[in-house]
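For reference, the structure discussed in these notes is given below.
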Amino acid sequence: MFKKILLTIAGMIVTMGFAFADVDVNKADQAALDGIKGIGPAKSKLILAERTKNGNFKDWSDFQTRVKGIGDKNSVALSAAGLTVNGQAKPGVATKSATADKVVTKAVKVDASAAVASASAKALPKDVKTK
């Protein structure tokens, strides 16, 4: 029973990683851009209009230059929220998907440790006390 609960929890944590998928500014539609924390309907329309008018963004510097209101601070926050340019996060910024991967890895390690502890406890005779 305990193993089933742990596996269920681990499965839920793994699926959380999919919720933090990166959004490429050159491929995203308005709904995808609106899903990024810090981008609202007005900003997503501005991004899409600029991309339509002048083509895809080459890199983060190009994105910041061409989209009014996107500076260093905003681009760091957007990258941390999962926005990418040509599939690349802003250099030096940890993304949500990388954080989610760490959470999943940690959860799997905890799940494995708990399963080993559970199996060890079942293997001990009843008269042996554990710490």
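All of the numbers you see were taken from the coordinates with simple rules; none came from a lab. These numbers were taken from a predicted model, which means no experiment stands behind them. Neighbour counts run over all protein chains shown; Cβ positions are idealised from the backbone, glycine included.
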(message) Give me the three principal axis extents of the stretch 21-94 from the C-alpha atoms, as integers in angstrom, largest value leading.
(response) 29, 22, 20
(message) Let's test the formula: R0 of 35 Å, r as the Cβ-Cβ distance of Gln30 and Ile9. What FRET efficiency results, to the nearest 0.05?
(response) 0.50
(message) Based only on other Cβ atoms within 10 Å, what is the fewest-to-most ordering of Asp29, Asp24?
(response) Asp29, Asp24
(request) Please report the base-10 log of the normalised intensity I(q)/I(0) for the stretch 18-63, using a Debye sum with one equal scatterer per alpha carbon and no solvent, at each q in 0.29 (1/Å). (result) -1.18
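Quick one: Val25, Val67, fewest Cβ neighbours within 10 Å first, how do they rank? Please list the in-between numbers first.
Numbers: Val25 25, Val67 19.
So the ranking, lowest neighbour count to highest, is Val67, Val25.
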(request) Among Thr52, Thr84, rank each residue by its count of other Cβ atoms within 10 Å, from fewest to most, as a rough exposure measure. (result) Thr52, Thr84
